[in-house]
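Worksheet for the structure shown next.
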Amino acid sequence: MSDRFFLYDDTIQAKTRFVSFMGEEQRHDLALLYSDNHYGKVIIMDMQSNRFAIIGPDDLKEEGYLEFAFGISEEKAAELLDFLSEIIY
């Protein structure tokens, strides 16, 4: 068996925030993982769909990004964008 080649293998301290809110279109259950990795972006995990994305302010400005990343409709993405715009800046 060959030696495993790691690009990195770090153990870090991270802050996790769990948020659940009801929008007009659906309920959103999210885990937000904050760390010094990923150039200041936040890992957003949708606990209902088991999908996640690494999101920063630049990603929120990208048209269609939330729809693609989380596999949701424009209406649901608009609700999510409204919330994420308040906490990611």
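The values are calculated or read from the model by the stated rules, or taken from the named source; none is laboratory data. Source: prediction; values computed, not measured. Positions of Cβ are backbone-derived with ideal geometry, glycine not excepted, and every protein chain shown enters the neighbour counts.
Selection over segment 22-48 of residues that are loosely packed, with under 12 Cβ neighbours inside 10 Å, out of contact with any Ser or Thr (no Cβ under 9 Å at 6 or more places or on another chain) and not small (Gly, Ala, Ser) gives a count of 4.
For segment 4-51, filtered to residues that are in a strand (DSSP E or B) and in contact with a Gly (Cβ under 8 Å, 6 or more places away or on another chain), the residue that is farthest from Leu81 (Cα to Cα) is Arg51. Taking Asp58, is it more than 10 Å from the chain's Cα centre (by Cα), of a type in the set (Asp, Glu) and assigned to a loop (DSSP other than H, G, I, E, B)? No; evaluated as a whole, the condition is false for this residue. Of all residues in segment 20-33, those being at pLDDT 95 or above and either under 17 Å from Ile72 (Cα atoms) or out of contact with any helix residue (DSSP H, G or I) (no Cβ under 8 Å at 6 or more places or on another chain) (or both) number 9.
Counting only residues that are touching a residue at least 24 places away in the same chain (Cβ under 8 Å), among the aromatic types (Phe, Trp, Tyr) and assigned to a helix (DSSP H, G or I), which one in segment 61-89 is farthest from Arg17 (Cα to Cα)? Residue satisfying both the conditions and the ranking: Phe70. Taking segment 49-89 as the range and being surrounded by 13 or more Cβ atoms within 10 Å (Cβ to Cβ) and among the basic types (Lys, Arg) as the test, the residues that pass are Arg51, Lys76.
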